């Protein structure tokens, strides 16, 4: 049977749209895990990145941390934390927590690096003229550095989000449903319709997030670029 | 409404860790007093500490020793944020905030000072008008949509926003082309005539220093003050070989740019008006050491020169007799420009005319040379020139 029609047939089956293993529920799960992971990662990485970018202190630390974060395979990250999180909660500690932690590890580096690089990359003359006019350090960051760097900062959140959405599928290996569930089950049951339906859903969600955040990024950068000659 | 304060450097030294190349920008025992309302230009080669000196005033750089006063207040004893809000600051790259409109940019310091929205808007409008930018056109534009010259004007407007007594300008016109630069210089001089701020102005361009400064401080590498005085004093009596080399071999010519035709005792030409008796005019011309006759129309506007040999023995004078013309000068023309015009026209004398074009007198190259000789201020070292 040809792949496209298998996927279409799978989507057409009403049974796949209800219950805990249905598309809406798992989509909701997937969005929820991704959102929580990116939010927690941003809570950690944004202040740190902005601080390092503004003060230029700990630049080496930021770069190394980001590289380590990038070097850890997400699947390995999930596996490593399972024994610890299971001690907290036998069920959630096995399926949910490890995935979220691995996604945070995945999302921190791009957010951190972009926040740091964005702020550090703001024209030094601009910052000096702001300081020279009597803006406090906090005002320099809030009124000059962040607004100027905002497209770069949002860019970091965007690439983190896309990576998290794509990679959160791995959680299914440890029993967390989400959209990865369709892929893992599809492989196990040799059901190509199910497998590729999962792939399509993940890809669409990732593209949607990418598009939405790209739009935000453009809007925030609008005044400078749009009226520039 | 507009106020100004004096700025005093007292034995200000700034040393950087390390020596050699790392010491570029250092300042060594700098003492200066810039009276309120004057423009002082800090000029010197790169690495002479001129920008460092400027930035020590608003404490972007802290001196190693010595102190700087604004009025009678030691800047080091003031809250640094408050201090900076009370000093206008303009840099070469302008540093306009790209995410804010021109109006918002200009209102930066008023906003920091907590002025309300309508007062800020009104002030921004007033300032844009002051620097020659129509608020209706420019207030809502973003900096990216401005030319280099417009950006620089906005930068000056922003620096003046809270009516600070002191203005610091770090090579403000260094990044614009020569034509725009000259226009901005003239605009700033006009502005200064009205505002009378105390301005510290950094440049590496000696011509700009001479043009803009009431006072010029020449710094040399290592942060030593080589000379401090009026542009004329520095050009006429360079204090050292360094200053002499820095101001250039053409310093005599540069001095001429500081004086205007009205500084000269004009020479009265022998004139005649169309319709005058030729024989009488001839007699008068020959009696003069400069035996050329300047023919005027009935409004006393010059028509041209008549050489003695071309003067008819009788009849009346008419326009066809005039064969040569001289360049027209105004009282406000600088002596340098006057000399340039004489050289260009290959004539001995230029005709000074008034606003209506009527001849007032003559200027010759010799008169300019004589002015240069006699007006030289006495050398404080007492070495060369005695007063005559």
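A few remarks follow.
- Comparing mean-square fluctuations of A:205, A:39, A:126 from a GNM of chain A with C-alpha springs under 10 Å, the top value falls on A:126.
- Distribution of pairwise C-alpha distances over region B:194-301, 10 Å bins, in %: 12, 30, 16, 13, 17, 11, 2, 0
- Shape of region B:250-312, Cα gyration tensor, a/c cut at 1.5: prolate
- Angle of helix B:365-374 to the longest C-alpha principal axis of chain B, folded into 0 to 90 degrees and rounded to 10: 50°.
- Note on chain B: with a GNM built from Cα contacts shorter than 10 Å, the maximum mean-square fluctuation among B:47, B:357, B:88 falls on B:357.
- By the equivalent-ellipsoid construction on the alpha carbon gyration tensor, region B:263-372 comes out with semi-axes of 25, 14, 12 Å, ordered largest to smallest.
- Here the gap between residue B:288 and residue B:345, fully extended at 0.36 nm per residue and compared with their Cα-Cα distance, gives a gain of 18.2 nm.
- Distance between the 7 Å Cα→Cβ label points at residue A:190 and residue A:89: 3.8 nm.
- Pairs of C-alpha atoms in region A:64-139 farther apart than 13 Å represent 72 percent of all such pairs.
- Label-zone membership for region B:262-290, site residue B:313, 7 angstrom Cα→C-beta point, backbone N under 18 Å: B:277-286
- Residues B:169, B:367, arranged from fewest to most other Cβ atoms within 10 angstrom of their Cβ, appear as B:367, B:169.
- Evaluated at q = 0.09, 0.10, 0.17 Å⁻¹: base-10 log I(q)/I(0), Debye formula over Cα of region B:7-258: -0.40, -0.49, -1.30
- Principal-axis tilt of helix B:335-345 within chain B, Cα atoms, nearest 10 degrees: 50
- FRET efficiency, residue B:74 to residue B:117 (Cβ-Cβ, R0 51 Å, nearest 0.05): 0.90
- Cα gyration tensor, region B:21-103 - rounded (a/c under 1.5), prolate or oblate: oblate
- For chain A, modelled as a GNM whose springs connect Cα atoms under 10 angstrom apart, the maximal fluctuation among A:193, A:171, A:156 occurs at A:193.
- Extension reserve of the residue B:332-residue B:365 stretch, reckoned as 0.36 nm per residue once the Cα distance is removed: 10.2 nm
- As a rough footprinting exposure proxy, the listed residues B:118, B:24, A:74 were ranked by other beta carbons within 10 Å of their own, and the order from fewest upward is B:118, B:24, A:74.
- Once Rg and the Kirkwood radius are both taken over the C-alpha atoms of region B:147-229, their ratio Rg/Rh works out to 0.97.
- Directionally averaged projected area (region B:75-159, Cα convex hull): 5.7 nm².
- Of B:228, B:9, the sequence from fewest to most neighbouring Cβ atoms within 10 angstrom is B:228, B:9.
- Label-zone membership for region A:51-67, site residue A:138, 7 angstrom Cα→C-beta point, backbone N under 11 Å: none
- Over chain A, dividing the summed -39,500 (n - 2.57) contributions of all DSSP H runs of at least 4 residues by the number of residues returns a 222 nm mean residue ellipticity of -26000 deg cm²/dmol.
- Across the alpha-carbon atoms of region A:34-193, the computed radius of gyration and Dmax are 19.1, 68 angstrom.
- For region B:38-181, the orientation-averaged shadow of the C-alpha convex hull comes to 9.7 nm² (one quarter of the hull surface).
- The protein assembly as shown - convex hull of the alpha-carbon atoms, volume per residue in Å³: 254
Since every read-out is calculated from the coordinates, none of them should be taken as a lab result. Everything quoted here is computed from the prediction, not taken from an experiment. FYI the Cβ positions are ideal-geometry reconstructions off the backbone, even for glycines, and counts take in every protein chain you see.
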